[in-house]
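I have placed the structure first, in the form of structure tokens, so that the comments after it can refer back to it.
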Amino acid sequence: MDYVPLHPSLTEIVLEWSREAVPTEEGWVSANPVTERPYHPTEIQKRHLRPSGCCVVACPTCGATPGVWCWQDHPTPNGARLPIHDERKVAAGKFGTIGWHTFRHTYRSWLDETGAPMKVQQELMRHASIQTTMNVYGQAMTSSKREANGKVVEMVLKPVKASA
């Protein structure tokens with residue numbers, strides 16, 4: 001078994017938050033108040049991540065501005081967050097499909113941007129095969145691509161010194 005390091009700054013944030021949280025009888029500090037069990041990641045994605053991704057654009061149906069949830073004529077039966085209009089989901093494009101895997105891809109891109117060795121990236125991503133890390137996850141940052149391309153252009157356009 002291997003451990004994922006926790007940065008000291010993040011450790012302090014988690015400790016501070018846990019001091020203020022009221023744990024359940026079983027000791028969960030981020031439990032659902034109804035079930036007293038941890039929230040299920042699928043529900044968090046469905047109820048929060050995906051709708052938030054849709055909210056990067058204005059809603060063509062109700063006119064809700066970016067960053068604001070859709071307005072509905074009637075509340076949901078259980079009083080939960082209101083649904084996002086289908087037209088807004090379409091307008092949001094790829095942002096409307098944001099999920100946990102999106103964060104894994106972003107994390108891999110950021111690891112690469114730091115210059116972390118590929119083996120370190122593989123282990124932090126918890127991949128059995130380095131091919132998965134290299135071929136599936138991550139995308140070069142635009143600034144890095146621009147910088148690398150600029151160096152090639154400068155190399156090609158460098159004036160040739162005349163021989164004496």
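The values are calculated or read from the model by the stated rules, or taken from the named source; none is laboratory data. Keep in mind it's a predicted model, so treat the numbers as computed, not measured. Virtual Cβ from ideal backbone geometry, glycine too; neighbours counted across all protein chains shown. Keep in mind that these areas ignore ligands, DNA and RNA; they rest on the heavy atoms of the full protein, side chains included. Shrake-Rupley method; radii C 1.70, N 1.55, O 1.52, S 1.80 Å.
Of all the criteria given as (1) under 24 Å from GLU43 (Cα atoms); (2) among the small types (Gly, Ala, Ser); (3) assigned to a helix (DSSP H, G or I); (4) modelled with pLDDT under 90, the one not satisfied by GLY96 is (4).
Cβ-Cβ distances below 9 Å connect no pair with a first residue in segment 1-25 that is in contact (Cβ under 8 Å) with a residue 24 or more places away in the chain, a second residue that is among the aromatic types (Phe, Trp, Tyr) and part of a helix (DSSP H, G or I), and a separation of six or more residues or different chains. Screening PRO159, PRO117 for residues that are within 30 Å of ASP2 (Cα to Cα) and exposed (fewer than 13 other Cβ atoms within 10 Å of the Cβ) leaves exactly one candidate, PRO117. Hey, any hits in segment 81-93 for a residue that's part of a helix (DSSP H, G or I), open to solvent by 100 Å² or more (accessible area, probe 1.4 Å), modelled with pLDDT of 90 or more and touching a Leu at 6+ places or on another chain (Cβ under 8 Å)? The answer is no; no qualifying residue exists.
If you check THR76 against the conditions, is it modelled with pLDDT under 90 and among the hydroxyl-bearing types (Ser, Thr, Tyr)? In short, yes.
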